[in-house]
Structures are given as structure tokens and as C-alpha cells.
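Read-outs: derived from the displayed coordinates by stated rules, not from any lab. Keep in mind that what you see is a predicted model, and the values were worked out from it rather than measured. Backbone-built Cβ (ideal geometry, glycine too); neighbour counts: all protein chains shown.
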Amino acid sequence: MKLGILGAVVAVTAGLTLTSSGGAVAVGNEALTADLDTILADNALKGADVGLVVRDANSGEVIYTRQSSRRSQVASNMKLLTTTTALDLLGPDYRWKTELVSAGTKTGTALNGDLVLRGGGDPTMSRLRYQQLADTLKASGVTTVNGALVIDDTKFDAQPYGSGWAWDDEPYSYSAETSALTLSPDAKFSAGTVVVRVKPGAAAGAPAVVTTEPANDHVQIVSTATTGNGGVSVEREHGTNRIFVSGSTSVETTALASVKDPTGLVTSVFQKALQANGITVTGGVKRQKAPANAAVLATDTSMTLSELIVPLLKNSNNMLAEVLVKTAGGSFTNGINQLSTKWSGLGVDPNAVEVFDGSGMSRLDQFSPDDLTSVLVKAKTKPWFAAWQASLPVAGVDGTLVNRMKNTPAAGNVKAKTGSLSGVSGLSGYVKTQAGRELVFSVVQNNVLLFNSPKNIEDRIAVRLASDGGTQLVSPQVQSVPQQRKAPAQDRTEVPAKERFDVECSWIGTC
């Protein structure tokens, strides 16, 4: 027996040095072990449950481990599993279709029969693309539909939220409903939401001018906002489509708000598109499955899955992740069951984890750092790996890591997925050492306190790995600095309250 660097008892087994502190390192790299042990001994982690594992990205050799087999909530790190298994199951070239179909017959400018708008689950559909479907119908010569406008969203089941999601996150864009007919009002594909635009009035104290994009009859704006400098609040009332706007502003501001029943939003938008083309529907609107013998009149085809995972992973887009689940099986339960058939090929035992959604927002999910790094290692053997890895956020460069680890050896080097829930923080991905060795790592923190800056712990670990060349280094740029305590509600899921309408933030002051 011998004493380790930190005075822990050490035993050597199978080429690894195992310490009583819970860490392990390949023999000869005790300096890295000492530094990682020091980071994990930070007083900010007192009372927290932290797992960390570092492995060789090619061989899978374990270089360091601390409680890495323990299952816990991993927040948006779950998107690593969702996207990789979706690529395996659906294929990188998978596309979604939105169609106009009808079993009716055309006589002159009249379509005699129902016109069906059939959704295939495309989360990137926009007002313009629904307009283009209506344009195509008009170009075919149809000006009258002697039947109903039928809305078919039966590709997915009617359960809008994943099991274990927080009810009070419902109004926010990161927790929108999942529907086979949906709409994204922005370039980040915030499916199931509308943009609420607030403009100041003509003079101080005058009512603010509030509009939604796209224009629709599905949501109701209730505004008491005025012209001033107090700041604006936008929040949808629980269980309804009433969006309350309050406060004051002297500049134009925008916010995203989720909608109740995205299918209803699409219905309103598409009706306006038909009206803009002078197409009259005589039979009203109804929701049901399209008839089996319906002919396709117009089709919109989405980007490929390999293209979709870029905004999904870069921006930690929860709704895009949930679409992958329902695309796999029609419902959250069936979708997870279908995706799980590919888990073993990524080194994950389906019987040793609990997964209830695709985004990681569910408080019922249970996954381990070991499982996450297994996914990272096995992904390197897949034909779609290059495109998938390029979709991960890059430290100091883009996505949810854009403002983290700048001016450190990790910047432009670490490619990793972030994750945040109240009390949960995680970072899992790839890093190259100064010597050129590629590593995978996963650090997952549960029962952490927001004001203790858990993201700083992750950054210090990533920077240390990027710096590893035999010398000890913990970059001063990312040392843990206690933050002013905030109310727990400031970060209920992926996005702190002050940034609820942007991407996931780093918890260290800026996005």
C-alpha cells in the first residue's frame, strides 16, 4: 500500500489506481487525478451529488472516475442519447412531410370534398411554408372547397407533455406542447410558440402596441403594458391561450410564449393562408384522420434529420428532441420504446436506466455519467458521427457554450452538451489534450445550489482536461466564484427566468 497525492489510500488493479476518495486514474497520471479531486472537493459542492468520468475517446479506457455509475437526473445531456439513437433508428436522411390531401374530385375551380391538412410532425414548419401549401392549391386552379377543412394531427398522440415535466413551466417556449401539426415562428425552430412583439405607444404612459407573429385567432392578448421604462412581462395563463402582457417599455421588445394546442394555431394560420389566396371553404373546420384513399394535392418536405440536430443540440432545443421521440413511435412511451432498441448499440443497457422523454426535462429520468460517455465513445464508430459531433456546442464559440471557457485551452476545443434543471447541471462531450489525445468526459451534478455556480465546476474540469500534458493546471479564468443567491424559481428548467426566451444559459451571469 502507498499514500496517494491527497493522502488517500491507494490500491492498484487492472492498470488503474483506485483511491479511497472515489477517484481513479491510469497509473502515471496522478497529477490529473489530484487536480480533478481538488476541483470536486470545492466547498460549492458540499451536500451535492456529483459524478465524473473521463475516458479515452477511442479505446474507452477509464482515466478517472468518481461516482460515475450512479444514476441521477442529467437534464439536457439526455439529448445525446435521443439524437444518436434517432440517427440510428430513423437514419440521417429522414425527412418530415406536411401534406394537403383530398378524397374529393375537382370540377373546374371547385374541389368537391374535404380538404385535409395532414401533419407529419415537422417542427420547423413556418407561416410562410403553410402559405406556400395554400399557394400550390391555388396554382392548381382551386378557388372553392365544397367540403370541410379537415385537420389531421393523428401522426402523434394527444399527450402534449412528457411525464415528470413541471406544470409551472407550461407558459415558456422551452416547455411547449408537442403536436404533429405545429409551427415555429423563429429561426431557432421554437415549435409550438408565438412571438409576442411589444412596441411603445406615441407618448409616455400611452398603451403599448402588442402583436403576435404569426398573426392568428388562436391566442388572446390581454395587455396592460404602457410606454415607459419599467420593463415588460409576457406570460401565458396556465391551461389557456390568454397571454398577459404587463409593465412598460420605451423600445420594441419581443418574447416567445408557448401556445395551448399548437394544432389550433396551425389551423388559424392556414385558414388565413387560404383566405389570402381567395380560396373559400364552405364546410367549416373539423379534426379527424384523413381518408385512406386521399390523393396528395401539395407537399412540403422538411430538412433532413442530420440538419435538424444542429439547432437541436447547439441551442438545446427541447421541442425538437421531443419530436424525435414521437416520430419514432407516435407517443412518448412508444417512441422511447422504439429508440431503446438502439441503446445497446451505444453501450447503454435499456434495463439499467429510466428514460421518459427526449429532452431530459422529466424529473423521472435516471441516467449515469458512465452511460453518457458510453454513448460518446460508441458514436465515434457510426457513419453519421462527423455530422453529429459537429452539431455539439463548442466552448467559447457557439451554442449553449458560446460564453463559456473563453480564452482557455478549452475554447474551440471542447465539444459538449450542456444541461440545466433546478438543482441539476451537467456537461458531457469531447476534448483533446495538449498532447493530442482525444478524451470523452461527463460530469453530472445533482442537488446543487444555483448561487454556487455549478457551471464553473464543469468549466474547470474541461479546462483541466484540455490542458493535460503532464503539468498541473486549473485555469484561474474559471475558478469557482460564489454568486449572489437568487430565488429558486430563477432557473426551473433549461433557461433562467431572465433569459427564458433565449438558449440555455451558463448560470455565470451572461448567455
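Worth a mention:
- Helix 30-40 axis versus longest C-alpha principal axis of the chain: approximately 50°, rounded to the nearest ten.
- Computed over the Cα atoms of the chain, the ratio of the radius of gyration to the Kirkwood radius (Rg/Rh) comes to 1.04.
- Across the cross-link table entries Lys106/Lys326; Lys326/Lys378; Lys46/Lys380; Lys155/Lys378, which are compared at the Cα atoms, the separations over 26 Å belong to Lys106/Lys326; Lys46/Lys380; Lys155/Lys378.
- Folded to 0 to 90 degrees: helix 305-314 orientation relative to the chain principal axis, Cα: 60 degrees
- Convex hull (Cα only) mean projected area of region 301-459, reported in nm² to one decimal: 10.0 nm²
- Rounded to the nearest 10 degrees, the inclination of helix 127-139 to the longest alpha-carbon principal axis of the chain is 40 degrees.
- Residue (of Ala103, Gly51, Thr136) at the positive-pole extreme of the chain, dipole from beta-carbon charges: Thr136
- Per the Cα gyration tensor, region 177-316 maps to an equivalent ellipsoid with semi-axes of 32, 20, 13 Å, ordered largest to smallest.
- Among 305-318, 163-176, sorting by the average number of other beta carbon atoms lying within 10 angstrom of each residue, highest first, gives 305-318, 163-176.
- Euclidean distance of C-alpha centroids, region 150-188 and region 429-463, integer Å: 32 Å
- Region 239-306 versus region 307-333: alpha-carbon centroid distance in Å: 20 Å
- Quotient of Cα Rg and 2.2 N^0.38 Å for region 256-368, N being how many residues it contains: 1.41
- Our helix-only sum for the chain, with -39,500 (n - 2.57) per DSSP H run of n ≥ 4 divided by its residues, gives a mean residue ellipticity at 222 nm of -6500 deg cm²/dmol.
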